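To start, the structure itself, in structure tokens.
The values are calculated or read from the model by the stated rules, or taken from the named source; none is laboratory data. Note that the structure is a prediction, hence the values are computed from the model and not measured. Cβ placement follows ideal geometry from the backbone for every residue including glycine, while neighbour counts extend to all protein chains displayed. Side chains are part of the model used for accessible areas, which takes the heavy atoms of the whole protein and leaves out ligands, DNA and RNA. Shrake-Rupley method; radii C 1.70, N 1.55, O 1.52, S 1.80 Å.
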Amino acid sequence: MSESQLLSVPEGLPEFVFVTCQVGAEQALRREVGRRFPQWRGAFARKGLVTFKIPLEDRPTLWLHPPELILARAWGFSWGVYRVEDLEQLRPTVVELVNRFGCKGLHVWSRDRAEPGHFDYEPAVTALDIECAKTLRQMLAPRVLKTWVGPGVVVLDVMQVDPGVWLLGVHRTTDCPTSRWPGGLSRVRLPEDAVSRAYLKMEEALRWSALPIRSGQWCAELGAAPGGSSQALLRRGLRVLGIDPAQVHPTVANHPHFVHIRRKARYVKRRIFRRVRWLFADMNVTPNYTLDVVEDIVTRPDVNIWGMLLTLKLTDWKLVDQAPRYIRRVQSWGYPVVRMRQLHHHRRELCLMAAVAPVEQLARRSRPRRTKDAPCPRRPSQTKASSASDSSAQDCVVP
Ligand SMILES: C[S@@+](CC[C@H](N)C(=O)[O-])C[C@H]1O[C@@H](n2cnc3c(N)ncnc32)[C@H](O)[C@@H]1O
């Protein structure tokens with residue numbers, strides 16, 4: 001697709017947008033939207049789904065540069081909600097949408113039925129969603145609409161709101177991978193030997209954030225027991241310092257690239273972080289506690305963490321209102337790139353991603369180098385003086 005096609009705004013975009021979220025997050029999502037877009041008006045809503053009427057003049061910007069809302073799992077322009085007995089009755093509208101907007105992708109999914117974890121409920125693309133997608137594809141043949149598409153592709157959204165009730169819409173995919181997953185639902189699966197569900201959260205967070213972690217690098221996880229996320233990191237070839245007073249599962253504890261430090265994060269000697277490039281946190285403590293501990297680690301002059309993924313536990317949905325404060329705080333440590341999102345596999349928690357530079361730039365720096373003494377990137381706040389007196393300069397050689 002040419003750049004001009006990529007950047008063109010189609011005629012006739014609807015004046016409603018839909019946003020899906022975890023069941024229970026609707027109010028907090030409305031407040032988040034209210035803070036960022038005070039001119040949007042709440043419209044049709046169900047558990048896990050909120051729609052808004054938007055000003056006409058906002059439509060082109062939203063099409064080209066969709067906002068990253070913390071609590072939005074999926075979002076798009078809403079064409080309307082249809083009550084039908086048979087999917088076939090959607091044919092005229094579906095065909096019109098595909099032709100009008102030049103859809104090349106198709107995402108079919110269902111609204112969440114319950115809060116994640118409630119009676120073991122896990123949000124996911126269901127077998128019925130896959131069946132419906134098949135029927136829609138047959139309806140649209142010989143056109144081929146793919147599920148897994150790249151950035152800048154127009155996707156037809158078909159969401160089952162209730163049995164026989166469908167929301168039809170469109171969105172343009174972006175660099176953010178979640179815009180390319182049906183309903184923002186990742187396809188990460190829990191391996192049979194995973195020692196905890198945290199494996200899923202870590203895999204999804206790594207895919208969403210695109211942090212350029214490389215095999216052989218050191219990372220640390222605060223709150224590592226029983227070890228699912230460390231397992232995911234070890235599988236990607238990282239060397240892991242797992243910090244947790246609790247017991248780590250033997251599968252992880254006995255891994256040759258895992259070191260268990262059986263202490264609370266606050267009481268761990270800071271010098272052990274000198275080789276660490278990536279910091280992860282998943283402690284069941286308040287967001288402020290996590291941020292206090294992390295600040296104490298990453299702001300030391302002899303510590304040089306390139307990027308972080310911090311799980312912030314929401315004891316109360318109102319904590320989401322503090323997001324701008326959390327972001328400013330992390331930026332003040334020398335991490336200009338900060339994003340936050342509630343991921344598909346999250347319970348009542350959020351992921352905060354931070355990096356010392358945009359990930360594409362970090363990826364270039366993080367690549368294994370031929371010259372042994374290549375310097376590692378510094379946080380913008382790290383002064384020349386502190387680097388010069390950095391006794392761990394040798395530790396900063398990219399492995
Ligand atoms: C949700 S679990 C972590 C799951 C883990 N990431 C995994 O992959 O299985 C929360 C963990 O935080 C640990 N924790 C709580 N407070 C902590 C602290 N101050 N320092 C380190 N770990 C802490 C708990 O012991 C518990 O194991």
Exercise. Longest exposed-loop-site-free stretch of the chain, with GluC sites (Glu not before Pro), DSSP loop and at most 12 other Cβ within 10 Å?
Worked result: 193-399
Exercise. For segment 3-184, what proportion of DSSP beta bridges, expressed in % and rounded to the nearest 5, is antiparallel?
Worked result: 80 percent
Exercise. Given +1 on the Cβ of Lys and Arg, -1 on the Cβ of Asp and Glu, and no further charges, what dipole in debye does segment 198-396 carry about its Cα centre, rounded to the nearest 20?
Worked result: 480 debye
Exercise. log10 I(q)/I(0), Debye, Cα-only segment 182-281, no solvent, q = 0.16, 0.22 Å⁻¹?
Worked result: -0.64, -1.16
Exercise. Across every pair of different alpha-carbon atoms, what Kirkwood hydrodynamic radius in Å does segment 278-322 reach?
Worked result: 11.4 Å
For this session: Work out the length of the dipole vector of the chain about its Cα centre, built from +1 on the beta-carbon of each Lys and Arg and -1 on the beta-carbon of each Asp and Glu, and round it to the nearest 20 debye.
Result: 1520 debye
For this session: Quote to one decimal, in nm, the extra length available between VAL9 and TRP148 on full extension: 0.36 nm per residue of separation minus the C-alpha distance between them.
Result: 47.8 nm
For this session: Give the carbon-plus-sulfur fraction of the accessible surface of segment 3-56 in %, rounded to a whole number; probe 1.4 Å, heavy atoms of protein chains only.
Result: 54 percent
Exercise. What is the ratio of the Cα radius of gyration of segment 198-396 to 2.2 N^0.38 Å, where N is its residue count, to two decimals?
Worked result: 0.97
Seminar exercise, completed: Counting only protein heavy atoms and rolling a 1.4 Å probe, one gets per residue an accessible area for the chain in Å² of 45 Å²
Problem set entry | For the chain, radius of gyration divided by Kirkwood radius, i.e. Rg to Rh on alpha-carbons | 1.00
Exercise. On full extension of the chain, what length is gained from THR135 through ASN254, given 0.36 nm per residue of separation minus the C-alpha to C-alpha distance?
Worked result: 38.0 nm
Seminar exercise, completed: Among beta bridges assigned by DSSP with both residues in the chain, the antiparallel ones amount in percent, to the nearest 5, to 60 percent
For this session: State, as an integer percentage, the relative contact order of segment 155-220 based on alpha-carbon contacts under 8 Å between residues 6 or more apart.
Result: 19 percent
Problem set entry | Within a Gaussian network of the chain (alpha carbon springs, distance under 10 Å), most fluctuating of THR299, THR173, THR135 | THR135
Problem set entry | Estimated Rh, segment 63-159: Kirkwood, alpha-carbon pairs, angstrom | 14.9 Å
Problem set entry | Spatially proximal lysines relative to LYS146 (Cα-Cα < 30 Å; intrachain offsets below 8 disregarded) | LYS47, LYS53, LYS104, LYS134, LYS201
For this session: For every other residue with a beta carbon closer than 11 angstrom to the beta carbon of GLY76, add +1 if it is Lys or Arg and -1 if Asp or Glu, then tell me the sum.
Result: 0
Problem set entry | Charge-dipole axis of the chain as Lys and Arg at +1 and Asp and Glu at -1 on Cβ define it, positive-most pick from LEU309, VAL94, ALA133 | LEU309
For this session: Pop the C-beta distance of LEU56 and ASP296 into the FRET formula with R0 = 45 Å and round what comes out to the nearest 0.05.
Result: 0.40
Exercise. Considering the zone a paramagnetic label at ALA246 would reach in this model (a point 7 Å from Cα along the Cα-to-Cβ line), which residues of segment 193-207 have amide N under 19 Å from it?
Worked result: 193-203
Exercise. Ratio of segment 110-231's C-alpha Rg to 2.2 N^0.38 Å, to two decimals?
Worked result: 1.27
Exercise. Using Cα atoms only, what is the angle between the long axis of helix 91-101 and the major principal axis of the chain, expressed in degrees (0 to 90) to the nearest 10?
Worked result: 60 degrees
Problem set entry | Heavy-atom accessible surface of segment 198-396: percent carbon and sulfur, 1.4 Å | 49 percent
Problem set entry | Shape box of segment 3-184 [Cα atoms, principal axes, largest first, Å] | 44, 43, 28
